[in-house]
Structures are given as C-alpha cells and as structure tokens.
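Here's the structure, in structure tokens; my notes come after.
The values are calculated or read from the model by the stated rules, or taken from the named source; none is laboratory data. Remember, predicted model here, so these are calculated numbers, not experimental data. Reconstructed Cβ throughout: ideal geometry from the backbone, glycine too, with neighbour counts over all protein chains shown. Side chains included, ligands, DNA and RNA excluded: accessible areas come from the protein's heavy atoms. Shrake-Rupley method; radii C 1.70, N 1.55, O 1.52, S 1.80 Å.
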Amino acid sequence: MSWWNEITLVEQILYIIAAASTMILLIQTVFYMIGIDHDGNGEHPDHAETGFFSIRGLLSFLSIGAWVAIVTYKASSSYWLAFGIGGAAGGLTIFLTAKCFQRAAKHQKDHEIDLKTVIGSSGDVYLTIPPRGEGKGKVSIVMQDGKIRVFNAIAYEDNKISTGKT
C-alpha cells in the first residue's frame, strides 16, 4: 500500500468514491437482474421519470465521474481539468442511464398485457394450483395474438387443480 501513501488526499478521496460507488452499483445491478429490488407489483422503483435523481443515477455519476477524474488527473496533473472532465463524464453517464430506463420502460409498456382480455378464457394448468388460495399455480393461455402466455393462478375451490386440466 505504499502507492496509497504516495498519492494526494484528493486522489485518495477520488479512489474511495470511485471504488465504493462502483461496488454498490455492481451489487445493485446484480440485485436488479435477479429481481430483488422490485416492489410488490413487480415494478422497478427507479423508472425513467426519476432516472436523473435516482440512486442508480447518482451511483453512475459518482462511479464514472471519479474514475475519469482519476485518469484525467494522472494524465494532466490538473485537478481543475480532472474535475471538469470527470463531472462531464458523470453527467453524460447519468443522462445515458436515464435514457436507458426510458427505453426499458417504453419497451415494457409496449409489451404489457391487458389482463381484462384474459378473464374468462380457458387455459391449461401448467403447474398444480393449490386449494382455497393456499398458494399459486400456473396456467398457460393462448392469447388473441396466438402467443401462449403463462400466468399465476389461484384456486378458490376446496380441491387442488392438477397439472394438465383445462
């Protein structure tokens, strides 16, 4: 760790910000990919409308901005230039992050299913449905567009509904 003692306090702070924000951003991204940071409705709480002012946006700004500032300072030895270019890179990153969320939200909205069109449809039980709302099973239903979709299903009868039933 002799290199740590040889760098300035400002560089140490930049390294701490860069490393910490990158680690948190990576952990948050992994959680997002496996569905841990969704709310009860299956919606992601960090949608495009708040993309500029979100935790993910702030972490992106800090992570990219700090790493770019470090590289720029190493190349130029000017803190002002490093902070300027790092801030611009962070700003561009937060802008692109928000745009990605906007596109993802639009893509998701384009593929939403109006469940009212499914009510009363017949389908096949894909995974056994437990009795009296004691759990969820799955049913597959052929939609109006001809595609087969799988939905969660709850039974309110006293008997389970077995796989393969229509």
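Points worth noting:
- Solvent-accessible area per residue for the chain (1.4 angstrom probe, square angstrom): 69 Å²
- A Cβ-based charge dipole, computed about the Cα centre of the chain with Lys and Arg at +1 and Asp and Glu at -1, lands at about 340 debye.
- Here the alpha carbons of the chain define both size measures, Rg and Dmax, at 24.6, 75 Å.
- Additional length obtainable on full extension of the chain from V150 to N5, 0.36 nm per residue less Cα span: 46.4 nm
- Formal net charge of residues neighbouring I154 (Cβ-Cβ distance under 10 Å; K, R +1; D, E -1): +1
- Solvent-accessible area, 1.4 Å probe, carbon plus sulfur percent, for the chain: 64 percent
- Applying both filters, DSSP loop and at most 13 other Cβ atoms within 10 Å, to the chymotrypsin sites (Phe, Trp or Tyr not before Pro) of segment 78-166 gives Y156.
- Summed over qualifying helices (DSSP H, 4 residues or more, each -39500 (n - 2.57)) and divided by its residue number, the chain shows a 222 nm mean residue ellipticity of -18000 deg cm²/dmol.
- The lysines within cross-link reach of K99, meaning a Cα-to-Cα straight distance under 18 Å and a gap of 8 or more places when in the same chain, are K109.
- Counting only protein heavy atoms and using a 1.4 Å probe, the accessible area of K74 comes to about 110 Å².
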